[in-house]
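See structure below.
The values are calculated or read from the model by the stated rules, or taken from the named source; none is laboratory data. Just so it is clear, the structure is predicted and the values come from calculations on it, not from any experiment. Counting neighbours? That spans all protein chains shown, and the Cβs are built from the backbone with ideal geometry, glycine included.
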Amino acid sequence: MNTSEAPLKIAVLLGSTRPGRRADAIGDWVIQRAVRREHAKFELVDLAEQALPLLDEPEPAIHGSYTQAHTKAWSERIAGFDGYLFVTPEYNRSIPAALKNAIDYLYPEWGNKAAGIVSYGVDAGGARAAEHLRCVLGELHVADVRTTVALSLMTEFADGAVDAPAHQVQKLETLLDQLLSWSAALRTVRRASR
């Protein structure tokens, strides 16, 4: 990575809005590890704070012609990032409706950027939600990195905080390395396409 460039901006996007969610604890766990990396700035983006109603734009997002103030604010918030780390629970073998809705509001803002996924759930650590999210991101020209962290709600939390074993910590470190590498590469792609 070119150290003379501005630091990469990575959003740690909390994909659940449900009261009592575990996304906050996971987001904190991710940020605590992520901030150790030089040349990158990590920022929590909480969907619960975005006040996005069910998609209400008259034009498809691919056109980028937004009419609603909340869409314009969401667009501005997301567009400035070089990459994303999605924290998503698994609801009924998929991602939460709030996360899908937030993604669907925008199109060009997501493109030619990298993403990592930290999933969680009772069954399979949210792995099915992660796989579904990969399909959605692919349609938006988001390059998802290979490594995924899948946390079990049954075994990897203690007193509301993440209590991940060493292999999960190592997966997160690998995910972050991949995310930063791909985010830097895709920054170059975005510059070349201007």
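Here are some notes:
- Scanning the range 144-165 for residues that are without any contact (Cβ under 8 Å) to a residue 12 or more places away in the chain and of a type in the set (D, E), we see that the one that is nearest to A124 (Cα to Cα) is D163.
- Residue in the range 16-31 that is at pLDDT 95 or above, farther than 25 Å from A164 by Cβ and hydrophobic (A, V, I, L, M, F, W, C) present: no
- Residue list for the range 47-92, restricted to those being among the basic types (K, R) and either out of contact with any strand residue (DSSP E or B) (no Cβ under 9 Å at 6 or more places or on another chain) or touching a residue at least 60 places away in the same chain (Cβ under 8 Å) (or both): K72
- In the set G160, G116, G83, only one residue is touching a helix residue (DSSP H, G or I) at 6+ places or on another chain (Cβ under 8 Å) and modelled with pLDDT under 95; that residue is G160.
- Single residue of the range 1-47 satisfying the filter (within 15 Å of F86 (Cβ to Cβ) and among the hydroxyl-bearing types (S, T, Y)) that is nearest to the chain's Cα centre (by Cα): S16
- Hey, D104 out of contact with any strand residue (DSSP E or B) (no Cβ under 6 Å at 6 or more places or on another chain) and either under 23 Å from D24 (Cβ atoms) or surrounded by 20 or more Cβ atoms within 10 Å (Cβ to Cβ) (or both) or not: no
- When the test is whether a residue is under 18 Å from the mean Cα position of the chain (by Cα) and within 16 Å of I78 (Cβ to Cβ), L172 does not pass it.
- First in the range 166-194 and surrounded by 12 or more Cβ atoms within 10 Å (Cβ to Cβ), second anywhere and among the basic types (K, R) and not in a helix (DSSP H, G or I), Cβ under 8 Å, 6 or more apart: L176/R37; Q178/R146; L180/R37; S183/K113; L186/K113; R190/K113
- Only a single item in (1) crowded, with 18+ Cβ neighbours inside 10 Å; (2) among the charged types (D, E, K, R); (3) at pLDDT below 95 is not met by R128, and it is number (3).
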